[in-house]
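Everything on this sheet refers to the single structure shown next.
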Amino acid sequence: MQHRPSTCDISDLINEIAQFVADNPAWMDNTESMRRMAMAYSILASMSQPDMVTDEEYEFIMDIHHTIRERTAS
């Protein structure tokens, strides 16, 4: 049986990501923090679709996604 993530699971992960960003405002300048954030983003992207989050959550996650892409492209 495959577990389908609930919106609770998704919200919990988004809240964890938001707390990490709040606790580590310069996360994008630290290799380990970038690795952790990329992992969290990958998990979130694999378990949810854009229509499963609010517009505000979507924008927040996409900002993180773009930051990761910009930092890892160089």
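When N15 is tested against (1) in a helix (DSSP H, G or I); (2) at pLDDT below 90, only condition (2) is not met.
Can you pull out every residue in segment 43-68 that is surrounded by 12 or more Cβ atoms within 10 Å (Cβ to Cβ) and among the polar types (S, T, N, Q)? Hits for segment 43-68 are S48, T67. Restricting I14, I10 to residues that are surrounded by 12 or more Cβ atoms within 10 Å (Cβ to Cβ), touching an Asp or Glu at 6+ places or on another chain (Cβ under 7 Å) and in contact (Cβ under 8 Å) with a residue 40 or more places away in the chain narrows the list to I14.
The values are calculated or read from the model by the stated rules, or taken from the named source; none is laboratory data. No experiment lies behind these values; they were computed from the predicted model shown. Cβ: placed from backbone, ideal geometry, glycine included. Neighbour counts: every protein chain shown.
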